[in-house]
Amino acid sequence: MSNTNKNLNKAFNDYIGSASLVTNEDRKRFFRRMNKNNKKSHWMPKVITALVAALLITGAYIGYQSSLVDIVEEPEDITIEEKTADYPEKVKAKIADLPEDVQNRLIVPTEFPDEPKSFTFRVDLVDPMQEESRILSTEFAYGGAEVGWGLFVTTWHTEVIRDNVDPTETVTLDNGKEAIIFGNDSSKSIEWKGEEGMYHNIMLMQLESQFTVDDLVKIANSME
Amino acid sequence: MENVILTKSKDEIIDYVIDQYGEQIKRVIFTYVKSYTQTDDLFQEFLINVYQRLEQFEANSSLKTWLYRIAINKCKDYLRSPIHRLFKYNEEVKSIHVAKSAEQLAMENEQEMIIVEAILSLPTKYREIFVLRFYQSFSVRQVSDALRINESTLKTRIMRGKKKLQQKLGGEYLEQYE
């Protein structure tokens, strides 16, 4: 390494801190967690599976009995499975893994700035270190750098503390909900409270294209 | 040669990863998240991910690049996550800047420190390249492998990144570095 490079390397180290970032605590913390996982007893999942199976059988029986009595069909809401029928299998599999109440809260846009080139879906837990943790949020991401825009549709499934935002305007969506708009030159967001007080947020990032607030509202109104 | 370690138990491999690469990987994680607390948490997630994915590692690839790729992806996932957008973890970053007086900065190699600060203030896609290239001394090929971008895209980003630094610093400071 040349002297100039060494100086830059040293400056990075000075900036981040000369003390070692890796401590024994890192090792202990990791092995504690792995040991905890290995020691987990395995009878609980079996009991849960048996209970779920019993509930399903009972439910199916009750459903069958009711269908004999009540032949009037009520229109059903479109499920998230139907809404995302054209999405990649990987995304659909992740959605199918979610609890039913979380699935029921998911909404997706049908309008996009342009034909999306990529679809991804992520789930964030309240405590990412605990597999059994409650779900904090879900996010559909569309677009990709190659199309010059990115659209992030986030639903929070638990109460969150919002950062202070400075809305540029407030709009009323077609569903009657009040939504706030905020952002800057590179990204714009629209946010509103959905059913059960959960938040929905759409962020439109513009890498090369320029979008207006109207584009954002149009996307929000297309959510189903 | 190094890949011989992969014949050991998973626990031994993790020990090796922490000893050989832990420090540098944690420092790279810090350049993404700029928070010691978050660096600790992401480092744990990185280790868990390595532990879980060891079977997927292809023995003929570079272990170092594979590890960096996992760490970088963890950081990017975090930066994209709503948690990051919701909660601010910037207290410690602020304290670094507050803790360093003007005198201290002058005593340190000032020019390099200014460059480092400018690099760390760049958007992630340029910052990560400079961090790997100039801090971790990765070759262009290694950067390209770690970030999963092709070399021509990488070179374009280096060029654009340098231009952005030039605008920030008012000179071609990075030209002297290889």
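The values are calculated or read from the model by the stated rules, or taken from the named source; none is laboratory data. Here the structure is a predicted model, which is why all the values come from computation and not from measurement. Quick reminder, even Gly has a Cβ in these numbers, built from the backbone with ideal geometry, and neighbours come from all protein chains shown.
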Quiz item: Among (1) more than 19 Å from B:LYS34 (Cβ to Cβ); (2) charged (D, E, K, R); (3) modelled with pLDDT under 90, which single condition is B:ASP145 missing?
Solution: (3)
Exercise. Would you check if A:PRO116 is surrounded by 12 or more Cβ atoms within 10 Å (Cβ to Cβ), outside any strand (DSSP E or B) and at pLDDT below 85?
Key: yes
Practice problem: Name the single residue, out of those in the stretch B:27-48 being at the interface with chain A (Cβ under 7 Å from one of its Cβ atoms) and among the aromatic types (Phe, Trp, Tyr), that is surrounded by the fewest Cβ atoms within 10 Å (Cβ to Cβ). | Solution: B:PHE43
Self-check item: Tabulated pairs, the stretch A:130-145, first under 30 Å from A:GLU115 (Cβ atoms), second in a strand (DSSP E or B) and at pLDDT below 75, C-beta under 6 angstrom, 6+ apart or interchain
Solution: none
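To keep it simple, each residue is scored yes or no on (1) facing another protein chain (nearest Cβ under 10 Å); (2) closer than 20 Å to B:LYS64 by Cβ; (3) surrounded by fewer than 19 Cβ atoms within 10 Å (Cβ to Cβ).
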{"site": "B:LYS125", "(1), (2), (3)": "yes, no, yes"}
{"site": "B:GLU128", "(1), (2), (3)": "no, yes, no"}
{"site": "B:SER137", "(1), (2), (3)": "yes, yes, yes"}
{"site": "B:ARG141", "(1), (2), (3)": "no, yes, yes"}
{"site": "B:ALA146", "(1), (2), (3)": "no, yes, no"}
{"site": "B:SER152", "(1), (2), (3)": "no, no, yes"}
{"site": "B:LYS155", "(1), (2), (3)": "no, no, yes"}
{"site": "B:GLY161", "(1), (2), (3)": "no, no, no"}
{"site": "B:LYS164", "(1), (2), (3)": "no, no, yes"}
